Amino acid sequence: MKRNQIHILLLALVFCCAGCGSLSAQTKKAQDNMLEMSRALQVFSDALAGVTNLYVDTVDVQDISTYGINAMLSRLDPYTTYIPETETADFNFMTTGEYGGIGAYIQQVDSVVYVQYPMPGSPAEESGLRTGDAFLAINGKRMIPATASEVSNALKGPIGTDVSVRIQRLGEESPREVTLTRKNVVVDQVVYRGMLDGDIGYMRLSSFTDKSAADVRRAYGELSKSGDMKGLILDLRSNGGGVLDGAIDILSMFLPKGTEVLSTKGRQPQTQESYTTTDQPISTTIPLVVLINSGSASASEILAGALQDMDRAVLVGSKSFGKGLVQSTRPAGNQGILKVTISRYYIPSGRCIQQLDYSHRNPDGSVAAVPDSLTNVFYTKNGRPVRDGGGIRPDIEVEDETLSALVYTMLAEGRIFKFARELAQKKAKPAHLSDLVITDEDLEDFLVHLEAEDFKYGERSKQALDQLKTLAEFEGYKGQSKEEFEALAKALTPSLRKDIEPHREQVKSLLRGALAVHYFGMQGQYAINLETDPTLKEALAVLNSPERMEQILQPEKKQ
């Protein structure tokens, strides 16, 4: 090669290296990360091999490795997780609302699992299973004791296959043997719909799947077919979210086509996206009220927040959960799924409502909420101020109804469900839901039933007091505080009949709702729960006052 050609080549390499200087700076961190990842994989492999070969007992490799992976991912946020093959069916059900099974909600009480409610048209209903039937065995395998998860897994299976169940019906001496053929069960996410006050439509959406929008559209058609619906209440309380596209599709029903309702921003270029409504709306004018609470999260907040930002709906209830992060899935080894947070989402006003900042943890590893003093003000389409960081704040706040430890334990342990099962054997089916009553005598029988079962509640206060006594003794205060401890112990000792007095009507209403399932299905229970719902009452009051609704959505117009 000639000397001048060599000089030209060297010059070209110099210019190339100069141009790549920034690239080298950008890639150095990535290379360092790859090296660290390689080292971490080696450490993980060595540790797993070590305990598998040397630990004193046999090690379930899949179990501890799955636990280890998720322990690692939990340092990022609660939503980035590894889903092993054994749990992918449940995850797919969350995104599609479909599964192969018999179509029955179930309820665990102690170590017994019961049919809570067979879905209409399901194999469970067609085979004659009823609310309150207890599962004794499934495919010959004993199911007492069992958990609800164990029974659910045993009932699920490939579509078209048979499953044999032995159930015990209250009031019958001998068990029943029932064979069911599994079907593709599609759960309607609009768990209740109806007309209130004669002309106000109501629908409760339980979660967001790829079929939620179709469920909402169908429910809207059912409610509006009479032509008398003058307003709609969309209940998103305790709806933890799900598929993002479901929220976008529902927004398309109530906002003009082409409206931008969401944008996402992440570290990778492909996570920068903008979402607009794509379908012709079913109505851009019907008055809307959306109900939210602290259990409304993710896609629920996208739907509620976008409607608020576009001044399309009045929000009633309490502040939502505050999840402004978006997850995506990708295949992982051994048929598993990696669900990873890839971006933050921003609703039309430009705000992100993420409550917790997982990227800046406290020294102890805990995560702090964004304080109100550090939140920023944004504005809706009509100029109403709204804030970021901390969930969606409703336009009309109604305090969440809280359950006492007594009532919560009754529900969580299935005591109300179990007693309603016995009441259903004694009471004849009423002609109408309004004829269904729980008397004071029924409540007394319930208390006797709880006392006979040695029902326990309020144990956490006693445990905390015992811990305080131990600490006081360690620090030398127990002797001089003896009388105070004795008085506090007496005050914290549960007394069923005394403690239930402030909640008598609430417990009677819950018993009535649980009993209604036996006669009128889950729709009856939902209808009873709505009768005394303070948030719903406020929503109806707003929809029945167009002037008040306009003043909320267009405050400047009224001044």
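The values are calculated or read from the model by the stated rules, or taken from the named source; none is laboratory data. Quantities reported herein were computed from a predicted structural model and do not represent experimental measurements. With ideal geometry, Cβ positions are generated from the backbone for all residues, glycine too; neighbour counts draw on all protein chains shown. Heads up: the accessible areas ignore ligands, DNA and RNA and are worked out on the full protein's heavy atoms, side chains in. Shrake-Rupley method; radii C 1.70, N 1.55, O 1.52, S 1.80 Å.
The residues of the chain expose, per residue, 54 Å² of accessible area to a 1.4 Å probe. Over the stretch 306-395, all Cα pairs binned in 5 Å intervals from 0 give whole-percent P(r) values of 3, 12, 19, 20, 16, 11, 9, 5, 3, 1, 0, listed from short to long. Note on surface exposure: Glu401, Glu538, Glu273 rank Glu401, Glu273, Glu538 by accessible area, highest first, 1.4 Å probe.
If you wrap the tightest convex hull around every Cα atom of the stretch 383-511 and split its volume per residue, you get 205 Å³.
With a threshold of 22 Å on the Cα-Cα distance, the over-threshold entries among Lys230/Lys429; Lys319/Lys537; Lys265/Lys339; Lys230/Lys508; Lys230/Lys537; Lys462/Lys482 are Lys230/Lys429; Lys230/Lys508. Taking the square roots of 5 times each eigenvalue of the Cα gyration tensor of the stretch 161-234, largest first, gives ellipsoid semi-axes of 37, 18, 10 Å. Under a 5 Å amide H cut-off, with hydrogens placed 1.01 Å from N, Tyr379 pairs with Val386 among residues at least 5 apart or on other chains.
Among beta bridges from DSSP that stay inside the chain, the antiparallel ones total about 75%. At the residue level, Leu468 shows approximately 80 square angstrom of accessible surface with a 1.4 angstrom probe and all protein chains present.
The stretch 76-139 and the stretch 479-535 have Cα centres separated by 28 Å. For the chain, adding -39500 (n - 2.57) for each run of n ≥ 4 DSSP H residues and dividing by the number of residues yields -13000 deg cm²/dmol at 222 nm.
Which of the trypsin sites (Lys or Arg not before Pro) found in the stretch 273-336 are in a DSSP loop and have at most 16 neighbouring Cβ atoms, other than their own, within 10 Å? Filter output for the stretch 273-336: empty list.
If the chain linking Asp32 and His503 were pulled fully straight, counting 0.36 nm for each residue of separation and taking away their Cα-Cα distance, it would gain 163.5 nm. Going 7 Å from the Cα of Thr380 toward and past its Cβ, which residues in the stretch 346-372 have a backbone nitrogen under 17 Å from where you end up? So the set is 347-353.
Entry note, the stretch 256-350: relative contact order of 32 percent, from Cα contacts under 8 Å with a spacing of 6+ residues. Ranked from largest to smallest solvent-accessible area, with a 1.4 Å probe on the protein heavy atoms, Ser509, Ser373 come out as Ser373, Ser509.
Considering the stretch 386-434, its Cα convex hull presents a mean projected area of 6.7 nm². For the pair Thr285 and Glu98, a Förster radius of 22 Å applied to the C-beta separation gives a FRET efficiency near 0.05, rounded to the nearest 0.05.
Here the chain has 53 percent of its accessible surface on carbon and sulfur atoms, given a 1.4 Å probe and all protein chains in place. The orientation-averaged shadow of the Cα convex hull for the stretch 374-413, equal to a quarter of the hull surface, comes to 4.8 nm².
Packing, as the average of other Cβ atoms within 10 Å across residues, places the peptides 133-139, 305-311 in the order 305-311, 133-139, highest first. Ranking Met253, Met119 from most to least accessible surface, computed with a 1.4 Å probe over the protein chains only, gives Met119, Met253. Here Ser38 sits with roughly 70 square angstrom of accessible surface, probe radius 1.4 Å. Return the whole-Å distance between the Cα centroid of the stretch 150-223 and the Cα centroid of the stretch 401-441. After rounding, the separation between the Cα centres reads 21 Å. Each Lys and Arg adds +1 at its Cβ and each Asp and Glu adds -1 at its Cβ; summed about the Cα centre, the chain shows a dipole of about 1920 debye.
The stretch between Glu441 and Ala412 holds 8.1 nm of extra length on full extension. This uses 0.36 nm per residue minus the Cα-Cα distance.
Computed as a quarter of the hull surface, the mean projected area of the alpha carbon convex hull for the stretch 471-559 stands at 13.1 nm².
Each of the peptides 291-297, 499-505, 391-397 was scored by the mean count of other Cβ atoms within 10 Å over its residues; in descending order, highest first, they stand as 291-297, 391-397, 499-505.
Dividing the mean sequence gap of close Cα pairs (under 8 Å, 6+ apart) by how many residues the chain holds gives a relative contact order of 11 percent. Computed over the stretch 438-559, relative contact order equals 20 percent, with contacts defined as Cα pairs under 8 Å that lie 6+ residues apart. The solvent-accessible area of Asp249, taken with every protein chain present and a 1.4 Å probe, is close to 60 Å². A simple rule links phi to the HN-Hα coupling: the Karplus curve 6.51 cos²θ - 1.76 cosθ + 1.60 with θ = phi - 60°, which for the stretch 384-390 gives 7, x, 9, 10, 9, x, x Hz, with x for Gly and Pro. The smallest convex shape that holds all Cα atoms of the stretch 131-263, its convex hull, gives 185 Å³ per residue. Cα-based values for the chain, radius of gyration first and Dmax second, are 28.8, 110 Å.
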